[in-house]
1. Could you tell me which numbered condition Leu258 fails, if it satisfies all but one of (1) over 15 Å from the mean Cα position of the chain (by Cα); (2) surrounded by fewer than 21 Cβ atoms within 10 Å (Cβ to Cβ)?
2. If you check Cys236 against the conditions, is it part of a loop (DSSP other than H, G, I, E, B), modelled with pLDDT of 95 or more and over 26 Å from Gly68 (Cβ atoms)?
3. Residues of the stretch 183-219 being assigned to a strand (DSSP E or B), among the aliphatic types (A, V, I, L, M) and closer than 16 Å to Thr259 by Cβ, which ones?
4. Which ones in the stretch 107-141 are over 22 Å from Ser60 (Cβ atoms) and out of contact with any Pro (no Cβ under 9 Å at 6 or more places or on another chain)?
5. Could you give every pair whose Cβ atoms fall below 6 Å, whose first residue belongs to the stretch 277-288 and is of a type in the set (Ser, Thr, Tyr), and whose second residue is surrounded by fewer than 24 Cβ atoms within 10 Å (Cβ to Cβ), counting only separations of at least 6 or pairs across chains?
6. Which of the residues that make up the stretch 188-219 are surrounded by fewer than 21 Cβ atoms within 10 Å (Cβ to Cβ) and among the β-branched types (Val, Ile, Thr)?
7. Quick one: which strands (runs of 3 or more DSSP E) lie wholly within the stretch 81-136 and hold at least 1 residues that are under 24 Å from the mean Cα position of the chain (by Cα) and of a type in the set (Lys, Arg)?
8. Could you tell me whether Asp229 is over 30 Å from Pro264 (Cα atoms), charged (D, E, K, R) and part of a loop (DSSP other than H, G, I, E, B)?
Amino acid sequence: MANNRITVLLCLLSILAGRSVGSESFSGQTERERLRAIKPVIVHAEIIKEPASVPSAHASTIVETDDGLLAAWFGGTYERHPDVSIYTSGFRNGQWSDPVMVADGVQDESQRFPCWNPVLFKRENGDLILYYKVGPSPSTWWGEYKISTDEGETWSAMETIPRGCLGPVKNKPVILPGGKILYPTSIEIVGKWNVYMEMSDQDLTDWEKIEIDNNGFDAIQPSVLFHKDGALQILCRSKNESVVESWSYDNGKTWSPLTATELPNNNSGTDAVTLSNGLQLIIYNPVTSGRNKLAIAGSYDGKIWEKLIDIEDQPAGEFSYPAIIQDKEGNIHVTYTYNRERIKYVQLKL
């Protein structure tokens, strides 16, 4: 009888604490049910055209413009080849324009380096900024950028990001309350991967670095999410078979040590976005090896995640390095590497 009373008491205490004995929290169950009820629908999908002279494409980025969308990626003979340059294509009236080369790694008449990982971003005055990397390898590259005042039709001369900073390493920056630009970034030195953050003014001056305790993880390429309580969260690629995270509760000035999430990772890039309704989305490879599957998962609290839709699920192939945004009408736009040959575009509605 005493044992029965103890069991009942434990159950009551568990219920009051929001958890049932031996199972997930009631709040967690409700959260998962809410997420499972979300049914994204693909409304448009196509391969963005590529010049015949460019056999390889990778690491795309996408941004909304006043009259449509603009995508960018690096393309050339193959990744690391000195001829790899940055290309852009605009989506207007339902069509992607012919790609245009907008940046290269030419140093002088005798020296040229490959370009890497473009990132498109619109600052508060409406200018588009194209950030990208130049250099022989990720361990030796540096950051450059160009600015467009006409929605990506033309670009300024190249500017170099101050030495010691890189700018966004793969995923889009965000504008913080108060106007500062926060850059999710990382370094890839042989034997050491490390996530950290950078910050600048809107005019791309006063750059500063913000260190993060990587807590023993080998992680790179973070993306930033906003939560209703003012917290910021980053989600990062890792070599540790999990997407890893860090949190900031002071507008990005300090960050918690990295920890693993429940999301798998195959040591390939991800991207994430906070929707206008507060739903968090991550686009990722939902596996720990291979790149033949690509999916979108959702969360309301950044902790409990549910896969919402498979974007690619094929026996073989590479579908990787995605980018994801929401436009002002609420549509979701995605680009990603398609078999290392082209960039694929997908539009979804929730």
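The values are calculated or read from the model by the stated rules, or taken from the named source; none is laboratory data. Keep in mind that this is a model prediction, so the values were computed, not measured. Virtual Cβ from ideal backbone geometry, glycine too; neighbours counted across all protein chains shown.
1. Among (1) over 15 Å from the mean Cα position of the chain (by Cα); (2) surrounded by fewer than 21 Cβ atoms within 10 Å (Cβ to Cβ), the lone unmet condition for Leu258 is (2).
2. On the way: part of a loop (DSSP other than H, G, I, E, B): no; modelled with pLDDT of 95 or more: yes; over 26 Å from Gly68 (Cβ atoms): yes.
Here the answer is no, as Cys236 does not meet what is asked.
3. We begin by selecting, within the stretch 183-219, every residue assigned to a strand (DSSP E or B); these are 183-189, 192-200, 208-211, 219.
Applying the additional criterion that residues be among the aliphatic types (A, V, I, L, M) yields 187, 189, 195, 197, 199, 210, 219.
If the condition is that a residue be assigned to a strand (DSSP E or B), among the aliphatic types (A, V, I, L, M) and closer than 16 Å to Thr259 by Cβ, then Val195, Ala219 are the ones that fit.
4. Within the stretch 107-141, Gln107, Asp108, Glu109, Ser110, Glu124, Asn125, Gly126, Ser139, Thr140 qualify.
5. Once the first residue is of a type in the set (Ser, Thr, Tyr) and sits in the stretch 277-288, its partners that are surrounded by fewer than 24 Cβ atoms within 10 Å (Cβ to Cβ) give Thr288/Glu241; Thr288/Pro264; Thr288/Asn266.
6. Across the stretch 188-219, the qualifying residues are Ile189, Val190, Thr205, Ile210.
7. Hits in the stretch 81-136: 85-92, 115-122, 128-134.
8. On the way: over 30 Å from Pro264 (Cα atoms): no; charged (D, E, K, R): yes; part of a loop (DSSP other than H, G, I, E, B): yes.
In short, no.
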